[in-house]
1. When you scan the stretch 214-231, how many residues do you find that are open to solvent by 20 Å² or more (accessible area, probe 1.4 Å) and either at pLDDT 90 or above or out of contact with any Asp or Glu (no Cβ under 7 Å at 6 or more places or on another chain) (or both)?
2. If I filter the stretch 43-55 for residues that are surrounded by fewer than 18 Cβ atoms within 10 Å (Cβ to Cβ), at pLDDT 90 or above and of a type in the set (V, I, T), do I get at least one hit?
3. Any idea which residue in the stretch 346-366 is modelled with the highest pLDDT, counting only those that are surrounded by 14 or more Cβ atoms within 10 Å (Cβ to Cβ) and more than 33 Å from the chain's Cα centre (by Cα)?
4. Which residue out of S110, S80, S92 is open to solvent by less than 20 Å² (accessible area, probe 1.4 Å) and either of a type in the set (F, W, Y) or within 26 Å of A20 (Cα to Cα) (or both)?
5. What helices (runs of 4 or more DSSP H) completely inside the stretch 163-242 contain at least 3 residues that are of a type in the set (G, A, S) and over 19 Å from the mean Cα position of the chain (by Cα)?
6. Pairs needed: first member in the stretch 179-202, modelled with pLDDT under 95; second member anywhere, open to solvent by 30 Å² or more (accessible area, probe 1.4 Å) and among the aromatic types (F, W, Y); C-beta distance under 7 Å; at least 6 residues apart or different chains.
7. State whether the residues of the stretch 27-39 include one that is at positive phi and surrounded by fewer than 16 Cβ atoms within 10 Å (Cβ to Cβ).
8. Scan the stretch 31-45 and report the pairs whose first residue is farther than 10 Å from D8 by Cα and outside any helix (DSSP H, G or I) and whose second residue is of a type in the set (G, A, S) and open to solvent by 30 Å² or more (accessible area, probe 1.4 Å), with Cβ atoms within less than 8 Å and a gap of 6+ or a chain change.
Amino acid sequence: MCRIGLFDAQNLANPAWAFATVGVVNQPLMQAISSAVMTKISNFRAQNLTNTAWSFATLIVLDEPLLDVIAGASVLSIASFIPLELTNLAWSYATLGVNNGPLLNAMSSSALRRIEEFQSFNLSILAWSFARVGWRDIPLMHAIAAPSIRLMCSYNSQEVSNTVWAFATLSCEDEPLMDAIAACALRRIGLFTPQHLTNTAWAFAELCVWNGPLMAAISAAAMPKIEELRFGDGHSLIWSLERGLDFNAWWSTFEALVLRGLKPDVLDVGVMLPGCEGLRSAWHERRIWRLMVDLAPLRRDVQEIVAGTSGLLRSHTAYIDKHCLPASLSGASVARHGGHAQHKLAMLVQHVEASVARGPYVAEAVLDSVIDFSKKKFNYWLKVAADRKAEMLDDVLQSEEGPGHRLRLELGP
């Protein structure tokens with residue numbers, strides 16, 4: 001490594017690529033390559049830039065100064081990138097979670113001019129990469145859709161899954177593309193992995209595009225692969241099916257998944273509760289609660305585990321010691337609506353129901369109960385403002401002299 005400063009661009013990119021190809025991380029070498037690359041970046045061509053970024057991304061070595069330098073050089077020479085180099089560069093930054101606006105804009109402009117030269121894997125990787133960093137470039141996504149429809153018969157299951165996931169993640173609706181994806185997926189459904197199945201189901205549900213034959217095929221294909229489902233896959237599949245199936249068909253599918261060996265998390269089971277409550281079916285709701293107790297290990301990060309009044313037996317296989325909780329928080333063993341993103345709000349409702357009695361001072365008691373809930377644990381505070389609304393509230397609070405108390409809850413539309 002003492003002579004690495006004498007290497008030219010090709011000889012700097014090659015060892016990084018070689019180590020990445022065999023999956024070996026040598027931190028001193030990567031640091032030395034990074035330092036040398038930054039001093040010689042003006043000599044790097046498109047292939048050198050792409051291979052260097054790809055190597056660091058493949059080894060999950062996040063070197064932000066190096067990535068900034070590579071991005072700057074790539075923007076200046078973006079017209080010389082062929083589709084493979086362009087998509088590999090996009091994949092590298094997306095894999096490392098680096099959102100570089102100038103580079104993304106440059107890649108988008110270059111891709112738009114040459115989109116007809118892209119093959120199926122180039123198109124799917126480019127779409128996935130922009131979605132992975134949350135860069136919503138609608139003209140680019142629609143430009144990707146057109147050749148994707150034409151090439152869809154050559155897409156493999158991962159390319160199909162990545163493409164539909166990207167469009168759903170960026171809330172980009174393209175009906176002809178969805179029709180083409182559905183037709184392709186139906187033909188190749190037997191080759192889909194559990195991740196491909198659940199990602200495809202989630203994407204169609206997220207975009208509110210219901211394709212009955214496709215969802216039935218996904219459900220049937222998932223049955224023999226139950227034991228291969230990753231953490232969260234069961235929740236995604238059940239939630240997706242709920243968007244289009246009537247309750248009886250949805251319930252039958254869920255029971256079949258459980259019978260085939262689904263090892264559910266509390267979210268997998270909890271996603272069934274809103275439908276049961278909407279149907280006002282006590283039998284179905286009791287069944288879900290019992291499955292939660294019998295089958296679902298309750299995770300620390302979900303923070304829905306509360307003890308007390310339900311009388312359900314505690315699972316000693318849970319990942320959190322629940323024996324210390326009965327005195328600290330009233331409620332049931334698992335918060336209602338466990339499958340919803342608003343699980344903390346569900347916990348609050350459960351706590352208020354368990355601790356407040358009706359009477360002439362019920363309004364004040366509810367507010368006191370809310371405050372009491374927020375003090376139970378450090379992360380039980382409630383924040384419901386986001387995006388521009390949050391920024392506006394921050395500006396108001398910072399510009400006014402407050403009374404000195406801490407804001408715990410905003411009630412409003």
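The values are calculated or read from the model by the stated rules, or taken from the named source; none is laboratory data. Only a predicted model underlies this, so the values are computations on that prediction, with no experimental measurement involved. Cβ sites come from the backbone with ideal geometry, for glycine too, and all protein chains shown count toward neighbours. These area figures cover heavy atoms from the full protein model, side chains too; ligands, DNA and RNA do not enter into them. Shrake-Rupley method; radii C 1.70, N 1.55, O 1.52, S 1.80 Å.
1. Initially, the stretch 214-231 is screened for residues open to solvent by 20 Å² or more (accessible area, probe 1.4 Å), giving 216-217, 220, 223-225, 227-231.
Then keep just the ones that are either at pLDDT 90 or above or out of contact with any Asp or Glu (no Cβ under 7 Å at 6 or more places or on another chain) (or both); that gives 216-217, 220, 223-225, 227-230.
Count: 10.
2. The answer is no, given that none of the residues of the stretch 43-55 is surrounded by fewer than 18 Cβ atoms within 10 Å (Cβ to Cβ), at pLDDT 90 or above and of a type in the set (V, I, T).
3. The initial filter retains those residues of the stretch 346-366 that are surrounded by 14 or more Cβ atoms within 10 Å (Cβ to Cβ), namely 346-356, 365.
Filter again for more than 33 Å from the chain's Cα centre (by Cα), leaving 354-356, 365.
Numbers: A354: 72, S355: 77, V356: 79, A365: 83.
Looking at the filtered set, the residue picked out is A365.
4. On the way: S110 fails: either of a type in the set (F, W, Y) or within 26 Å of A20 (Cα to Cα) (or both); S80 fails: open to solvent by less than 20 Å² (accessible area, probe 1.4 Å).
Going through S110, S80, S92 in turn, the sole match is S92.
5. On the way: elements: 175-188, 194-206, 212-222, 233-242.
Of the helices (runs of 4 or more DSSP H) lying wholly inside the stretch 163-242, those with at least 3 residues that are of a type in the set (G, A, S) and over 19 Å from the mean Cα position of the chain (by Cα) span 175-188, 212-222.
6. Cβ pairs passing all conditions: N199/W165.
7. If we filter the stretch 27-39 for residues that are at positive phi, which is where we start, we get none.
Looking through the stretch 27-39, none of the residues is at positive phi and surrounded by fewer than 16 Cβ atoms within 10 Å (Cβ to Cβ).
8. Taking only residues 6 or more apart or on different chains, the pairs are R45/S77; R45/S80.
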